[in-house]
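In what follows, a single structure is set out as structure tokens and then discussed.
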Amino acid sequence: MTDLEQLVDTLLWEGYALYPYTPGATKNATPTPFGIVYPPVYARGSGATHDRMRMECLLADGGSLSGAVRCLAGGRERRIELAAPGEAAFDFGAVRGRAGLEVADGRIALWVLNETEVPEGLDRAGALEHSLLSTHLLAHADGGRFVSPLEASGCEQVNTWPVLAGEADDVVLGAAIMLPDHPQLAPESRGSLFDSTEIEEALLLHVMALSDEERSQATDPAVKAMIERAARTTPAELMALHGRTTMHEPERGEREATVDGVTYRPGDTVLLRPGPGRNAQDHLVTGRHATIERIYVDYDGRVQLAVTVAGVPGQDIMRDIRRYLFFRPDEVEMPA
């Protein structure tokens, strides 16, 4: 299984069941997935419910296009494959509809539509039985490359948050939750526990501590497989989840910046004068000297000075791990 397939599998089962994973647990009475594509009748009842999912993205370089829809329906994983631009109908018993891949002038759209007919007045639990759950879209440009959806303009997204997912920028993942470009699973992860908002080490320990009675109540095949996988975790694998620090060489920032006639450079000494609206900790360093370690320009074009503060214990450690305090040029003075 590739890293991308493993990532999608983890996202696909997120929220499927929650600890303690027993059907009788209150929080498992109704599924809590993301990426729901409801029947049209139910979706019309709220601005927060949708009968479709659609992502648009831009091609930077052309290639052979294909698409796929991954989702859960009827307690099973489902796939809708689109080997080329066009439409495909699907029938999963309780859920029916269409999916399509479109391309025009370097812009592609991948969508899925729930066309299941249900009676008016259906409650949410009933509607979920006729919905696509945890729906994810995958667009692939074989031999091509996509523009990051986070930077592309003029693209409309419905019920999804697309990001780049392939190493060569040749895959766009229409995720059911907000992710950065090129999302990754931690290499130490022991696999999905259906609840990635929890700390994996702590949740894994809870799963391993389930009683025999609680384990016997987990009759769902996916849940049983997860509990059995958790039970096989070795002490070394568990310890690997305890935590790690990964140091990346940070961007060095700007070599210098001139604001209102004053030029700032890394290594310069400044006097801190935090402005109004800063938190109390920032005001504790008012009047102290600080060293400019980095100079950055933020997305709004404003200069930010990253500093370490003289006379404050632990600043050498903060410098080593790149934990700086940030001040604007109008919040510092150059010593006379």
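Note the full-extension length gain between D105 and S211 as 0.36 nm times their separation in residues minus their Cα-Cα distance, in nm to one decimal.
Working: separation 106, 0.36 × 106 = 38.16 nm, distance 5.83 nm.
Length difference between fully extended and current span is 32.3 nm.
By how many nm would the segment from R232 to S64 grow when fully extended, if each residue of separation counts as 0.36 nm and the alpha-carbon distance is taken off? Mind showing how you got there, number by number?
Working: separation 168, 0.36 × 168 = 60.48 nm, distance 4.18 nm.
Result for the pair: 56.3 nm of gain on full extension.
Please go through the range 137-232 and write out the GluC sites (Glu not before Pro) that DSSP classes as loop and that have at most 15 other C-beta atoms within 10 Å. Mind showing how you got there, number by number?
Numbers: sites: E151, E156, E167, E188, E198, E200, E201, E213, E214, E228; in loops: E151, E156, E167, E188, E198.
When the GluC sites (Glu not before Pro) of the range 137-232 are filtered for loop state and at most 15 Cβ neighbours within 10 Å, E151, E156, E167, E188, E198 remain.
Quote the FRET efficiency, to the nearest 0.05, computed for H283 versus R145 with a Förster distance R0 of 45 Å and r equal to the Cβ-Cβ distance. If you can, show how the numbers build up before the last one.
Values: r = 48 Å, r/R0 = 1.07.
After rounding to 0.05, the efficiency reads 0.40.
Kirkwood hydrodynamic radius of the range 202-336 from all distinct Cα pairs, in Å?
Numbers: mean 1/r = 0.0528 Å⁻¹.
For the range 202-336, inverting the mean 1/r across all distinct Cα pairs yields 18.9 Å.
Which option, (1) 153; (2) 207; (3) 168, is the value of volume of the Cα convex hull per residue in Å³ that was calculated from these coordinates?
(2)
Does the range 1-89 come out rounded, prolate or oblate by the C-alpha gyration tensor, with a ≥ b ≥ c the root eigenvalues, rounded set by a/c under 1.5 and, if not, prolate when a/b is larger than b/c and oblate if not? Before the final figure, lay out the partial values.
Working: a/c = 2.44, a/b = 1.48, b/c = 1.65.
Note, shape of the range 1-89 comes out oblate.
Considering only protein heavy atoms and a probe of 1.4 Å, how much of the accessible area of the range 1-154 is carbon and sulfur, as a whole percent? The partial results should precede the final answer.
Details: 3590 of 7240 Å².
That share works out to 50 percent.
Using helices alone, what [θ] at 222 nm do you get for the chain, with -39,500 (n - 2.57) per DSSP H run of 4 or more residues, divided over all residues and rounded to the nearest 500? All intermediate terms of the calculation are to be shown ahead of the outcome.
Values: 9 runs with 61 residues, N = 336.
-4500 deg cm²/dmol, from helical runs alone.
If you average the sequence gap of Cα pairs under 8 Å that are 6 or more apart and divide by the length of the chain, what percent do you get for the contact order?
Values: 635 pairs, mean separation 49.7, N = 336.
Reported relative contact order: 15 percent.
In the range 271-336, which GluC sites (Glu not before Pro) fall in coil by DSSP and have 16 or fewer other Cβ atoms within 10 Å?
Details: sites: E293, E331, E333; in loops: none.
The qualifying sites: there are none.
First measure r as the distance between the Cβ atoms of I321 and L271, then evaluate 1/(1 + (r/R0)^6) with R0 = 22 Å and state the FRET efficiency to the nearest 0.05. Could the numbers behind the result be given before it?
Details: r = 25 Å, r/R0 = 1.13.
It comes to 0.35.
Between E167 and Q184, what is the spin-label point distance in nm, taking each point 7 Å from the Cα along the Cα→C-beta axis?
Modelled inter-label distance: 1.0 nm.
Report the FRET efficiency, 1/(1 + (r/R0)^6), for Q6 and D300, where r is their Cβ-Cβ distance and R0 is 41 Å, rounded to 0.05.
Details: r = 37 Å, r/R0 = 0.90.
The calculated FRET efficiency here is 0.65.
Given points 7 Å out from each Cα along the Cα-Cβ axis, report the E115 to T30 separation in nanometres with one decimal.
Each label point is offset 7 Å from its Cα along the Cβ direction, giving 2.9 nm.
The values are calculated or read from the model by the stated rules, or taken from the named source; none is laboratory data. Only a predicted model underlies this, so the values are computations on that prediction, with no experimental measurement involved. Here the Cβ is made from the backbone with ideal geometry for all residues, glycine too, and neighbour counts use every protein chain on show. To get the accessible areas, we keep the full protein, side chains included, count just its heavy atoms, and leave off ligands, DNA and RNA. Shrake-Rupley method; radii C 1.70, N 1.55, O 1.52, S 1.80 Å.
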